[in-house]
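Enquirer: Take this structure first; my questions come after.
The values are calculated or read from the model by the stated rules, or taken from the named source; none is laboratory data. Computed from a prediction, not measured in an experiment: that's the story for all the values here. Please note: Cβ atoms are built from the backbone with ideal geometry, for glycine as well, and neighbour counts cover all protein chains shown. Please note that ligands, DNA and RNA were not included when accessible areas were found on the heavy atoms of the full protein model with its side chains. Shrake-Rupley method; radii C 1.70, N 1.55, O 1.52, S 1.80 Å.
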Amino acid sequence: MSDLKNEWIHLLANYGHVGFTFVAAIFIGLGGGILLDQKVFDGRTAPWFTFIGLAFGIAAGFKNLLDIVWRHQDKKK
Amino acid sequence: MEHPILFISIILEKLGLPVPHGPVGHTILEQLCAPYMTYTWLVMAFLFVVSKLTLGNLEMIPGKGQNFWEIVVGGMDEFFADNMGREMTDKFFPMIATFGIYIAVANLIGLIPGFMSPTASINTTLALTIIVWVTHHVIGFSTHGIGYYKHFIGPMWWLIPLMLPIELISNFARLLSLSIRLFGNIMAKETLLGILFMLAGAFFAPLPIMILGVLVSLVQAMVFVLLTVVYFGQAKEHAH
């Protein structure tokens, strides 16, 4: 398989995937936070773990995005 | 999502088997007769029969069928070796190639009227994704032993409280995004085709979407395979 085609497949897979990964990371973070608040602590810590989970989820989403960009840059060098 | 005509379901109903009318049935027999299950078996039977017919007796000078498979399998083998190394490819080629061919055929079968893509059900795609996800952790643990946890703690020790949840969340996000992307794309294609067929089937309205459907089907199968290969490769390499 030629290098150009290989590169195309990589671009297609990575950048076609990044949107879904971003959303999935945010939802998993938020869901984990809500679960911790409502089920583990019975709503006593009500909004806090939800917010912390959401923050971690957003951070994880951005980390995924940056990982893909950096990995691609490393390969170019 | 309900199709206008699914011929296997019609045959099963004529035979007196219970075909569920919702997405999943209640009894075990109903669940086994759900459209995505019966069409999964159809795809499996199709792949088995076709490969048996074309590869039943291997020849030194390949005929048409053998030539086709040699190109497909040879191309995939080379592609995997480029991305995750020769040793890993020899080990995991049967699994990943089977997934790739199965997903491609399962996506494409939905373009024929009367058939349905098994991958348009979240059950099928989630099952495939869970197998891939578990396997890439098994690879990680068998390669690095207990030191595999270093993949999840980030570059510096004082960043552990911050990086550990982030890495865990992004790892679970793979499970969700890989399954939902395949499911969403194929279900969108199926739904769109169904709606266009009902609205203006007599004027060939679904035709342009069918052309796009071929593209989407092949691209999604390829993306699934490539991401599987990338995850396996990442689990194998050292933590940075």
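Enquirer: For residues that are under 18 Å from B:G114 (Cα atoms) and either buried (at least 17 other Cβ atoms within 10 Å of the Cβ) or among the hydroxyl-bearing types (S, T, Y) (or both), scanning just the stretch B:211-240, find the one that is nearest to the other protein chains (Cβ to nearest Cβ).
Expert: B:S217
Enquirer: Additional query: Taking the conditions exactly as written (more than 10 Å from every other protein chain (Cβ to nearest Cβ), assigned to a helix (DSSP H, G or I) and at negative phi), does B:G184 satisfy them or not? If you could, list the steps in order and put the result at the bottom.
Expert: Details: more than 10 Å from every other protein chain (Cβ to nearest Cβ): no; assigned to a helix (DSSP H, G or I): yes; at negative phi: yes.
No; evaluated as a whole, the condition is false for this residue.
Enquirer: Quick check on the stretch B:150-160. Is at least one of its residues under 28 Å from the mean Cα position of the chain (by Cα), of a type in the set (G, A, S) and farther than 17 Å from B:F115 by Cα? Spell out the reasoning first.
Expert: Quick first cut of the stretch B:150-160, residues under 28 Å from the mean Cα position of the chain (by Cα) only: B:151-152.
With of a type in the set (G, A, S) added as a condition, the list becomes none.
Checking the stretch B:150-160: not a single residue is under 28 Å from the mean Cα position of the chain (by Cα), of a type in the set (G, A, S) and farther than 17 Å from B:F115 by Cα.
Enquirer: Do the conditions hold for B:S142, that is, is it small (G, A, S) and in contact with a His (Cβ under 8 Å, 6 or more places away or on another chain)?
Expert: Values: small (G, A, S): yes; in contact with a His (Cβ under 8 Å, 6 or more places away or on another chain): no.
When the stated conditions are applied, B:S142 does not pass them.
Enquirer: For the stretch B:19-100, which fully contained helices (runs of 4 or more DSSP H) count at least 3 residues that are open to solvent by 40 Å² or more (accessible area, probe 1.4 Å) and touching a Leu at 6+ places or on another chain (Cβ under 9 Å)? Full working, then the answer.
Expert: Working: elements: B:28-32, B:35-55, B:64-84.
It comes to B:28-32.
Enquirer: I would also like to ask the following. Could you please find all residues in the stretch B:51-80 being polar (S, T, N, Q) and within 14 Å of chain A (Cβ to nearest Cβ)? It would help to see each step written out before you state the result.
Expert: Taking the stretch B:51-80 and keeping what is polar (S, T, N, Q), we get B:51, B:54, B:57, B:66-67.
Correct list: empty.
Enquirer: Consider only pairs whose beta carbons are under 6 Å apart and that are at least six residues apart or on different chains; among these, list those whose first residue lies in the stretch A:1-27 and is at the interface with another protein chain (Cβ under 7 Å from one of its Cβ atoms) and whose second residue is open to solvent by less than 40 Å² (accessible area, probe 1.4 Å) and at pLDDT below 75.
Expert: Going by the 6 Å Cβ cut-off, there are no qualifying pairs.
Enquirer: Does B:G194 satisfy being open to solvent by less than 30 Å² (accessible area, probe 1.4 Å), more than 9 Å from chain A (Cβ to nearest Cβ), over 12 Å from the mean Cα position of the chain (by Cα) and modelled with pLDDT under 85?
Expert: yes
Enquirer: Among the hydrophobic types (A, V, I, L, M, F, W, C) and modelled with pLDDT of 85 or more: does that describe B:L168? Lay out the reasoning, then the answer.
Expert: On the way: among the hydrophobic types (A, V, I, L, M, F, W, C): yes; modelled with pLDDT of 85 or more: yes.
So B:L168 passes the test.
Enquirer: Based on what the data block shows, is B:I8 at pLDDT below 85 and either open to solvent by 90 Å² or more (accessible area, probe 1.4 Å) or not acidic (D, E) (or both)?
Expert: Values: at pLDDT below 85: yes; either open to solvent by 90 Å² or more (accessible area, probe 1.4 Å) or not acidic (D, E) (or both): yes.
Against the criterion (at pLDDT below 85 and either open to solvent by 90 Å² or more (accessible area, probe 1.4 Å) or not acidic (D, E) (or both)), B:I8 qualifies.
Enquirer: In this structure, is B:S121 touching a Pro at 6+ places or on another chain (Cβ under 9 Å), modelled with pLDDT under 90 and buried (at least 19 other Cβ atoms within 10 Å of the Cβ)? Lay out the reasoning, then the answer.
Expert: Details: touching a Pro at 6+ places or on another chain (Cβ under 9 Å): yes; modelled with pLDDT under 90: yes; buried (at least 19 other Cβ atoms within 10 Å of the Cβ): yes.
Yes: the conditions hold for B:S121.
Enquirer: What is the number of the single condition among (1) part of a helix (DSSP H, G or I); (2) more than 8 Å from chain B (Cβ to nearest Cβ); (3) over 26 Å from B:V216 (Cα atoms) that A:V69 does not meet?
Expert: Every listed condition holds for A:V69 apart from (3).
Enquirer: Going by the structure shown, is A:F62 facing another protein chain (nearest Cβ under 10 Å), more than 28 Å from B:A221 (Cα to Cα) and modelled with pLDDT of 85 or more? Break it down stepwise before answering.
Expert: Values: facing another protein chain (nearest Cβ under 10 Å): yes; more than 28 Å from B:A221 (Cα to Cα): no; modelled with pLDDT of 85 or more: yes.
Here the answer is no, as A:F62 does not meet what is asked.
Enquirer: Moving on to the next point. Under 7 Å by Cβ, and 6 or more places apart or on different chains, what pairs join a residue from the stretch B:182-193 that is of a type in the set (S, T, Y) with one that is surrounded by fewer than 21 Cβ atoms within 10 Å (Cβ to Cβ)?
Expert: That search, which allows pairs on different chains as well, returns B:T191/B:M1.
Enquirer: Out of the residues in the stretch B:126-149 that are more than 28 Å from the chain's Cα centre (by Cα) and open to solvent by 70 Å² or more (accessible area, probe 1.4 Å), which is nearest to B:H238 (Cα to Cα)?
Expert: Only one residue tops the list, namely B:Y149.
Enquirer: Hey, another quick one. Does B:F172 meet the test of being within 29 Å of A:G53 (Cβ to Cβ), within 20 Å of the chain's Cα centre (by Cα) and either open to solvent by less than 70 Å² (accessible area, probe 1.4 Å) or more than 9 Å from every other protein chain (Cβ to nearest Cβ) (or both)?
Expert: Numbers: within 29 Å of A:G53 (Cβ to Cβ): yes; within 20 Å of the chain's Cα centre (by Cα): yes; either open to solvent by less than 70 Å² (accessible area, probe 1.4 Å) or more than 9 Å from every other protein chain (Cβ to nearest Cβ) (or both): no.
No, not satisfied.
Enquirer: Please tell me if B:L128 is assigned to a helix (DSSP H, G or I), within 14 Å of another protein chain (Cβ to nearest Cβ) and touching a residue at least 12 places away in the same chain (Cβ under 8 Å).
Expert: Considered against the rule, which asks whether it is assigned to a helix (DSSP H, G or I), within 14 Å of another protein chain (Cβ to nearest Cβ) and touching a residue at least 12 places away in the same chain (Cβ under 8 Å), B:L128 comes out as no.
Enquirer: Using beta carbons and a limit of 6 Å, which pairs, at least six apart or on different chains, have the first residue in the stretch A:30-51 and within 13 Å of another protein chain (Cβ to nearest Cβ) and at pLDDT below 80 and the second one open to solvent by 50 Å² or more (accessible area, probe 1.4 Å) and not in a helix (DSSP H, G or I)?
Expert: Note: no pairs meet the criteria.
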